[in-house]
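Here's the structure we're looking at; comments come further down.
The values are calculated or read from the model by the stated rules, or taken from the named source; none is laboratory data. The structure presented is a predicted model; accordingly, all values stated were derived computationally and were not measured. Here the Cβ is made from the backbone with ideal geometry for all residues, glycine too, and neighbour counts use every protein chain on show. Please note that ligands, DNA and RNA were not included when accessible areas were found on the heavy atoms of the full protein model with its side chains. Shrake-Rupley method; radii C 1.70, N 1.55, O 1.52, S 1.80 Å.
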Amino acid sequence: MTTLLAHMRVRPGREEDWEALMRFMTLETFRKEGGVIRYEFWRGEAERTYYGLLAFKDKQAYYEHQVSETFRQADFSLLLEELRVEYVGPVE
(Lines give C-alpha, C1' and ligand atoms only; values in the text may rest on other atoms or scores of the structure.)
Protein backbone atom coordinates (compact mmCIF):
# COMPACT_ATOMS: atom_id res chain seq x y z
CA MET A 1 0.00 0.00 0.00
CA THR A 2 1.16 3.55 -0.76
CA THR A 3 -0.13 6.21 1.64
CA LEU A 4 0.45 9.96 1.56
CA LEU A 5 -0.35 12.81 3.92
CA ALA A 6 -0.70 16.14 2.12
CA HIS A 7 -0.29 19.42 4.03
CA MET A 8 -1.84 22.30 2.08
CA ARG A 9 -2.34 26.04 2.46
CA VAL A 10 -4.88 27.57 0.10
CA ARG A 11 -4.49 31.02 -1.42
CA PRO A 12 -6.48 33.73 0.41
CA GLY A 13 -10.13 33.81 -0.65
CA ARG A 14 -9.93 30.51 -2.54
CA GLU A 15 -11.20 28.20 0.20
CA GLU A 16 -14.62 27.59 -1.39
CA ASP A 17 -13.01 26.87 -4.77
CA TRP A 18 -10.55 24.47 -3.13
CA GLU A 19 -13.25 22.58 -1.28
CA ALA A 20 -15.35 22.28 -4.45
CA LEU A 21 -12.34 20.93 -6.34
CA MET A 22 -11.58 18.40 -3.59
CA ARG A 23 -15.21 17.18 -3.61
CA PHE A 24 -15.01 16.75 -7.40
CA MET A 25 -11.59 15.05 -7.23
CA THR A 26 -12.78 12.64 -4.55
CA LEU A 27 -15.91 11.61 -6.44
CA GLU A 28 -14.11 11.21 -9.76
CA THR A 29 -11.14 9.38 -8.26
CA PHE A 30 -13.34 6.76 -6.60
CA ARG A 31 -15.56 6.53 -9.68
CA LYS A 32 -12.73 6.00 -12.19
CA GLU A 33 -9.83 4.42 -10.30
CA GLY A 34 -9.84 0.91 -8.90
CA GLY A 35 -6.60 1.22 -6.97
CA VAL A 36 -7.67 3.95 -4.55
CA ILE A 37 -8.32 2.95 -0.94
CA ARG A 38 -8.64 6.35 0.79
CA TYR A 39 -8.99 9.82 -0.64
CA GLU A 40 -10.00 12.16 2.17
CA PHE A 41 -9.55 15.86 2.87
CA TRP A 42 -10.03 17.96 6.03
CA ARG A 43 -9.89 21.60 7.04
CA GLY A 44 -7.16 22.34 9.54
CA GLU A 45 -7.39 24.48 12.64
CA ALA A 46 -5.15 27.20 11.21
CA GLU A 47 -6.63 29.56 8.65
CA ARG A 48 -6.54 28.29 5.04
CA THR A 49 -4.94 24.96 5.99
CA TYR A 50 -6.12 21.60 4.72
CA TYR A 51 -4.92 18.02 4.97
CA GLY A 52 -5.39 15.08 2.68
CA LEU A 53 -4.94 11.39 3.42
CA LEU A 54 -4.57 9.38 0.25
CA ALA A 55 -3.98 5.64 0.12
CA PHE A 56 -3.58 3.46 -2.94
CA LYS A 57 -3.24 -0.31 -3.20
CA ASP A 58 0.35 0.10 -4.46
CA LYS A 59 2.74 2.58 -6.09
CA GLN A 60 1.47 1.74 -9.56
CA ALA A 61 -2.08 2.75 -8.57
CA TYR A 62 -0.67 6.02 -7.18
CA TYR A 63 1.26 6.69 -10.38
CA GLU A 64 -1.87 5.97 -12.43
CA HIS A 65 -3.73 8.53 -10.33
CA GLN A 66 -1.02 11.13 -10.94
CA VAL A 67 -1.43 10.80 -14.71
CA SER A 68 -5.21 10.39 -14.70
CA GLU A 69 -7.36 12.78 -16.73
CA THR A 70 -9.06 13.99 -13.54
CA PHE A 71 -5.75 14.85 -11.84
CA ARG A 72 -4.19 16.44 -14.94
CA GLN A 73 -7.22 18.71 -15.50
CA ALA A 74 -7.01 20.25 -12.02
CA ASP A 75 -4.87 23.39 -11.90
CA PHE A 76 -3.70 23.27 -8.31
CA SER A 77 -1.32 26.22 -8.77
CA LEU A 78 -4.29 28.62 -9.00
CA LEU A 79 -5.60 27.54 -5.60
CA LEU A 80 -2.63 26.38 -3.53
CA GLU A 81 -0.13 28.66 -1.86
CA GLU A 82 1.80 25.81 -0.28
CA LEU A 83 1.90 22.02 -0.60
CA ARG A 84 3.98 19.47 1.26
CA VAL A 85 3.45 15.76 0.73
CA GLU A 86 4.93 13.01 2.85
CA TYR A 87 4.77 9.28 2.49
CA VAL A 88 3.49 7.63 5.67
CA GLY A 89 3.19 4.06 6.83
CA PRO A 90 1.46 2.11 9.58
CA VAL A 91 2.94 1.42 12.97
CA GLU A 92 2.88 -2.30 13.46
statement: Between LYS32 and ARG72, the FRET efficiency computed from the C-beta separation at R0 = 22 Å comes out, to the nearest 0.05, as 0.95
task: With a bin width of 10 angstrom, please list the P(r) values of the chain as percents of all Cα-Cα pairs, from the 0 bin to the one holding the largest distance.
output: 16, 50, 29, 5, 0
query: So what's the back-of-envelope 222 nm ellipticity for the chain, counting only DSSP H runs of four-plus at -39500 (n - 2.57) apiece and dividing by all residues, rounded to 500?
result: -10000 deg cm²/dmol
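Using the Cα centre of the chain as the reference point, and only Cβ charges (+1 on K/R, -1 on D/E), how large is the resulting charge dipole? Debye, rounded to the nearest 20.
Dipole size: approximately 140 debye.
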- request: Could you tell me which of TRP42, SER77, THR2 has its Cα farthest along the dipole of the chain towards the positive end, charges placed at Cβ (Lys, Arg +1; Asp, Glu -1), taken about the Cα centre?
  value: THR2
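When the accessible area of the chain is split by element with a 1.4 Å probe, what percent falls to carbon and sulfur?
Numbers: 3130 of 6160 Å².
The nonpolar share, carbon plus sulfur, comes to 51 percent.
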query: Solvent-accessible area per residue for segment 8-92 at a 1.4 Å probe radius, Å²?
result: 69 Å²
- request: Can you tell me the relative contact order of the chain? Whole percent, Cα pairs under 8 Å, sequence separation 6 or more.
  value: 48 percent
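All other residues with a Cβ under 10 Å from the Cβ of PHE41 taken together, and with Lys, Arg as +1 and Asp, Glu as -1, what is their net charge?
Result for the local shell: 0.
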